[in-house]
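The values are calculated or read from the model by the stated rules, or taken from the named source; none is laboratory data. Quick caveat: nothing in here was measured; it's all calculated off a predicted structure. Note that we place each Cβ from the backbone using ideal geometry, even for glycine, and neighbour counts take in every protein chain shown.
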Amino acid sequence: MATKNPFLKRANEQHEYTVDHIQELRKCSEDPIYFIKKYCMVQHPVKGAVPFKLYPYQEKMIQAYHSNRQIVVLSARHWESIIPRYTTPNPYWVDHNGGYKSW
């Protein structure tokens, strides 16, 4: 049987919120960047739970999502690996072992 997480509430369990809890909930709902920086973690295989660090462009995107109801973002996955292929005369890319391969 799996161990139970003491931080999770059971269904229909009553909880008393303090004024500080309500203020924190309001702050998190109004500012998603604050919520991410304070409460979101990334699981690292060696270091364990590590705080999630946002890049400046990610913060801009999150603010845009939060402040605009309808938004379209043109972005590509692994864009940094695509750009050198078309901007350099002799392109290289990094393989999964950390070495460089040429075309």
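Name the single residue that is modelled with the lowest pLDDT among those in region 50-74 being among the aromatic types (Phe, Trp, Tyr) and surrounded by 10 or more Cβ atoms within 10 Å (Cβ to Cβ). If you could, list the steps in order and put the result at the bottom.
Just the residues of region 50-74 that are among the aromatic types (Phe, Trp, Tyr), to begin with: 52, 55, 57, 65.
Checking which are surrounded by 10 or more Cβ atoms within 10 Å (Cβ to Cβ) leaves us with 52, 65.
Numbers: Phe52: 88, Tyr65: 85.
Going through the qualifying residues, I end up with Tyr65.
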- Message: Condition first: surrounded by 10 or more Cβ atoms within 10 Å (Cβ to Cβ) and either aromatic (Phe, Trp, Tyr) or on the phi > 0 side of the Ramachandran plot (or both). Can you find one or more residues in region 35-49 that meet it?
- Response: yes
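When the residues of region 75-96 are narrowed to those that are within 18 Å of the chain's Cα centre (by Cα) and either under 20 Å from Glu30 (Cβ atoms) or not polar (S, T, N, Q) (or both), which ends up modelled with the highest pLDDT? Can you show your working first?
Of all residues in region 75-96, those within 18 Å of the chain's Cα centre (by Cα) come to 75-79.
Now narrow it down to the ones that are either under 20 Å from Glu30 (Cβ atoms) or not polar (S, T, N, Q) (or both): 76-79.
Details: Ala76: 67, Arg77: 63, His78: 53, Trp79: 56.
Among them, the one singled out is Ala76.
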Flagged pairs (Cβ under 7 angstrom, 6 or more apart or on separate chains; first in region 42-70, without any contact (Cβ under 8 Å) to a residue 40 or more places away in the chain and under 22 Å from Lys27 (Cα atoms); second assigned to a loop (DSSP other than H, G, I, E, B) and β-branched (Val, Ile, Thr)) are Met61/Val73; Ala64/Ile71; Tyr65/Ile71
